[in-house]
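Accompanying notes for the structure given below.
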Amino acid sequence: RALLNRFPGLATVLARADLGVRESPIERWQVGGAILFAKRDDLSAPSLGGNKVRALELLLAGASPEHGLLTVGATGSTHALAVAQHGASLGRRTTVITWPQERHAVADATAARLRSMAHVVPARSVAEAYLRATLRRLAGGMHWVPAGGSTPLGALGHVSAALELADQLARDGYPAPDALV
């Protein structure tokens with residue numbers, strides 16, 4: 001919302017899906033002799049917060065109620081999981097075309113959770129996943145969500161998070177940080 005607060009004219013051209021995104025808190029940590037401020041974006045939404053939901057509130061805004069969602073990602077893709085979770089909150093079914101990735105406990109747990117929430121279509125490679133996704137997109141009836149939500153529109157969600165951080169630091173009397181990571 002910080003983006004729209006700063007630039008209210010954008011409200012007429014930027015649709016948003018209501019995913020419950022809210023201001024995330026800043027925590028002050030002292031580590032050794034350094035003071036760190038951590039923006040807890042994991043708390044930016046009631047379920048599955050983080051940077052992905054900020055992009056998805058913009059990317060899912062145009063999804064027609066009768067269309068399913070379509071995305072691609074590795075078998076343990078947190079992006080695909082976020083699309084499925086937040087799509088479900090809007091009453092949309094998600095299809096994810098996946099490619100293999102290195103297996104480890106986190107990827108396996110994410111993949112299992114994704115399979116429980118979405119229709120997962122395995123592909124043998126990234127190229128095959130994108131080819132299958134292109135064919136499904138050409139057939140119609142699906143709302144495409146690019147891998148990682150990496151589009152100029154999705155990036156505006158991250159711009160909004162940065163503006164939110166700047167507003168919070170100013171409001172709470174903190175100096176501008178020396179570095180952002």
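Scanning for something of a type in the set (V, I, T), in a loop (DSSP other than H, G, I, E, B), under 18 Å from the mean Cα position of the chain (by Cα) and at pLDDT below 95, does the range 141-152 turn up at least one residue? Checked against the condition, which is being of a type in the set (V, I, T), in a loop (DSSP other than H, G, I, E, B), under 18 Å from the mean Cα position of the chain (by Cα) and at pLDDT below 95, the range 141-152 yields at least one hit.
Could you check the range 119-140 and list, in sequence order, the residues that are in a loop (DSSP other than H, G, I, E, B) and either surrounded by 13 or more Cβ atoms within 10 Å (Cβ to Cβ) or touching a Cys at 6+ places or on another chain (Cβ under 8 Å) (or both)? Within the range 119-140, A123 is the sole residue that qualifies.
Filtering the range 23-38 to residues that are modelled with pLDDT under 90 and not small (G, A, S) leaves R28, I35, L36, F37. Restricting attention to the range 1-42, which residues are polar (S, T, N, Q) and either touching a strand residue (DSSP E or B) at 6+ places or on another chain (Cβ under 8 Å) or closer than 13 Å to R54 by Cβ (or both)? Result: S24, Q30. The set of residues in the range 129-163 that are closer than 19 Å to A63 by Cβ and among the aromatic types (F, W, Y) contains only W144. For the range 153-168, a residue qualifies if it is within 14 Å of the chain's Cα centre (by Cα), closer than 13 Å to A2 by Cα and open to solvent by less than 40 Å² (accessible area, probe 1.4 Å), and the qualifying residues are G157, S160, A161.
Does any residue of the range 125-145 turn out to be polar (S, T, N, Q) and touching a residue at least 40 places away in the same chain (Cβ under 8 Å)? No, that holds for no residue.
Looking at the structure I just gave you, is R1 in contact (Cβ under 8 Å) with a residue 60 or more places away in the chain and either over 25 Å from S89 (Cβ atoms) or of a type in the set (V, I, T) (or both)? For R1, the condition - in contact (Cβ under 8 Å) with a residue 60 or more places away in the chain and either over 25 Å from S89 (Cβ atoms) or of a type in the set (V, I, T) (or both) - is not met.
If the condition is being more than 25 Å from S24 (Cβ to Cβ) and of a type in the set (D, E), then the range 51-67 contributes only E66.
Any residue that is touching a residue at least 12 places away in the same chain (Cβ under 8 Å) and within 22 Å of the chain's Cα centre (by Cα) - is there at least one of those in the range 169-179? No, the range 169-179 contains no residue that is touching a residue at least 12 places away in the same chain (Cβ under 8 Å) and within 22 Å of the chain's Cα centre (by Cα). The strands (runs of 3 or more DSSP E) falling completely within the range 1-118 that include 3 or more residues that are open to solvent by 20 Å² or more (accessible area, probe 1.4 Å) map to 26-31, 34-39. Note on the range 73-96: residues that are touching a Pro at 6+ places or on another chain (Cβ under 8 Å) and closer than 14 Å to V126 by Cβ total 2.
The values are calculated or read from the model by the stated rules, or taken from the named source; none is laboratory data. On a predicted model such as this, the values are computed, not experimentally measured, just so you know. Positions of Cβ are generated from backbone atoms using ideal geometry, with glycine treated the same way; all protein chains shown enter the neighbour counts. The accessibility values were calculated without ligands, DNA or RNA, using every heavy atom of the protein model including side chains. Shrake-Rupley method; radii C 1.70, N 1.55, O 1.52, S 1.80 Å.
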